[in-house]
Every structure is written in C-alpha cells, then in structure tokens.
Amino acid sequence: MNKKVPLSLVVAIVLVAMTITFSITMVEAQRLFDQNVSSVQEKSAMYDKLAKLDTTVRDHYYQEIDDKILYDAMAEGYLKGLPDSNNRYYTDAQYKFLQAKLEGRSMSVGVEVIKDASSGYMRVVKVYDASPAMEMGIVKGDYISKIGDSSVTGYSAERVRTTLQGDEGTTVTLTVISTDGVATQERDITLTRRSFTIPSVESQLVRQTAYIKLIDFNGRTYNEFYTQYQQLIAEGAKALILDVRDNTSTDLDSVCNVLDLLLPSGTLLSGEYKGGELKTLYTSDDVAANLPIVVLTNETTAFGAELFAADLQGYGAAKLVGVKTAGQGTIQEIYPQQDGSALQITVATMIPGPGNNGNIFDKIGVTPDFEVTLTDEQKQNFYNLTIVDDGQIQQAIKVAESLIRGSGESVSDSTVDSEAQPPEDGSAQP
C-alpha cells in the first residue's frame, strides 16, 4: 500500500539539499578565489618589482642599454632562481647551435679543449676530421693562448667552446702554441667557421672484444652505433665494451633507440612528473643483443648516459666497470620561444626500467659492479690515454674476456685485479 509523502517534507528535503550544495560550492569557490587572488597578487608584486627596477636603472644608469642583451639576461636570471641548476635559457644563437648539436653537427672550428692547470691556456684534446682546425694544421696537444686579442687564461673551457661557435662563414683568430720536441712555435691562425659532422661513436676490435666509445647521444648515434656494432660482430666480436665516460647527453630518444637494440622487451624509461604523475616514456621490443656486455662509467657519466648504464645493469644485460656516476637523473624538455630563444626546464625524475625495480638514481648515482679508479697520473692525462694505458678500459677488457669464457655472474680474482672488486654490499644499484 503506497503512502503519500507530505509536501512539506519534500520541500524541506529539497531545501536541505540545496543548502548543502550551496555551502560546498561556496567553500570551493572561496578556495579557488583565494588561490587565484594569491597568484594574481604574487604576479603583480613580481611585475611591480621588475617595473620599478627597470625605471630606476633607465633613469640613472649612465651608459646606453642594449635591450636584447638585457632581456636575455633577465630570462637567464629567472631560470637561475629555480632550485634545480639544470634549467637553462638559450639565446636565439645558442639555441641554433644546440639544434645543430642534437643533429650531430657543429657550427664551429672543430676542436675540443680543456683548461691546462699549469699554464691557464686551453689544451687541444681533439681535432675533428675535415674541420677548419684540421685543415689549418691544428693538432691534438696544441695550446690556444688567445682568441682574438683576449687571453684565455681567465676563460673556462665552456666559455671557449661557446666563443668558437658562430654562424657559417664568420671568422675567428686563434693564437696557437705548438711544441715539436724541445722547440716551441707560436702562430696566429684565422679560421672560418662552418658546419661539419661530429662523430658520436668510435670503435675498434680488441682481440674478441668490441670496444665502442659513445661520445654523445644525438640524432646520428643510432645509425653510427648500429653500423659499427654490426661490423665488429662480423669481424668476430664476442663481447661488447660500451664506454659512456664523460657522456652527459640529455637526448633520451637517442639513448633509448640504442638501448632498444641491446635489451629485451620491457620498459626502458618512466618519468615522475609534477604532482607525482607517472608516465611510461620508452619501451623495448623483444630483439636483444645475445653477447656479454661491459659498460664503462665515471663521475661525469650523467643524464641519458646514466640511464643507459642503469638499464643495462638493471636488466642483468651488462656488468659496470669504473666509478659511481654523477647522479643527474632528471628529464629536461626544451620549449622554443617566439623570438628564437628557448627554455630548457626540468620536468620529471627518471625512473629506469623494471630490472632496477623502479630505483631512482637522481642525486645518488649508479654504482658499478667493479669499482676501478684511475691513478692521479692517468687522470691528469686522461685525454691522451689509449686502450693500452687506460686502467679502466684494461679492467673492462678483463671482465669481458672472463664473461666470454663463461664465468657468468662471477668474475674470478685471477682475472680481475684487486682494485676492481664488486661493492661490499654486492648491490647493482644503491
């Protein structure tokens, strides 16, 4: 038997529901209002500060102001104010050179330099084939003492590298000091900048082991690696040594393309983004290298090269030899701006593949299976070392040859020197 609900009760229920809904809406609206007002107030305060600063400077500064330089410096300063030092602002010229680098090209004169501690000059540690520097007779071991009329003693190596870059067809004059035995020659050389290809992979066969140096990861790396890898296998290589020492590439596309060639099916990289959002970024197919792998790392192995080492170690596909990596496990995205400049901003933390059980190596580093440090003398002459006198490469060869012989997970003391032992806790990742 149906009973009629009194109209007054229905009205009362509706009013209560409306009151509750209205209250919840008002609370949420107040929260959003407070948040937006706070944001508007903060932005207003920031703009007000900049406006007052600009007015004060323009009213009182005694020299002419170049607005483009000023705006670039302001943008750079903004990113430097963020707690993560890996953020960077690129001027339109710098971004153009970065794009060339990511494509495996250089718009420069064709030398790599480091600062010589004793003289303060820049020591040439590499001259690229078919580059302006090679054509003008600059060789490895030469010193650069001046760029134009300016001494380089107060410059960092990075500043010199940047100064040597430039638009194709522009020129730069270097004062170069060469030593031939006991004789020293100083000469001024004018070089014309141009675009040329930079190899990112170098390799050779050492007995039955393929030694492959991954200098960088860029748009050319996969094809260069695949070609040399296949050639070394055809020549009889039964193990790989992959050297990523001093590799600081942030080009994760190229890193994961090479990893896909080496690793079985699975996740290669995930990212933890703002608010804790997790995204799977790269995966591998079921085609993998079927031979022992050793990876060489050092304290300047960073970003994509660290992920490279972490994934190969985590999947059980490689043994790591060297020292703990840099601990730079974050993901950067580049955002081009309308004026041709670009922002490089850290957007996520790297999470390597499942073989690492999700271990994050940012600010921690990747620990090698066999720790091998270079002697002080070897460190001082690192860029002059060859496979024969590089202690870390020699230990990597011993580990590789032991794996070829089928020793599997354990490498005997008779094969690996006492300086190259697994970490005491036996862990592959800290």
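The values are calculated or read from the model by the stated rules, or taken from the named source; none is laboratory data. All values reported here derive from a predicted model rather than from experimental measurement. With ideal geometry, Cβ positions are generated from the backbone for all residues, glycine too; neighbour counts draw on all protein chains shown. These accessible areas exclude ligands, DNA and RNA; they are computed on the full protein's heavy atoms, side chains included. Shrake-Rupley method; radii C 1.70, N 1.55, O 1.52, S 1.80 Å.
Check each of the chymotrypsin sites (Phe, Trp or Tyr not before Pro) in the stretch 34-127 and keep only those in coil by DSSP with at most 14 other C-beta atoms within 10 angstrom; list them in order.
Y61, Y62
For the pair T375 and A157, how long in nm is the line joining their label points, each one 7 Å along Cα→Cβ?
2.2
Excluding ligands and nucleic acids, what accessible area in Å² is computed for I331 using a 1.4 Å probe, to the nearest 10?
For I331, the solvent-accessible surface is approximately 10 Å².
In the full protein assembly as shown, how much of F217 is accessible to a 1.4 Å probe, in Å² to the nearest 10?
It works out to around 0 Å².
Sorting V40, V399 by accessible area (1.4 Å probe), largest first, what list results?
V40, V399
I want to make sure I understand the PRE zone here: with the label point 7 angstrom from the Cα of E186 toward its beta carbon, which residues in the stretch 138-162 have backbone N atoms less than 16 Å away?
Residues 142-154 qualify, since their backbone N sits under 16 Å from the label point.
Kindly report, to the nearest 10 Å², the accessible surface of I360 as traced by a 1.4 Å probe over protein heavy atoms only.
Counting only protein heavy atoms, the figure is 60 Å².
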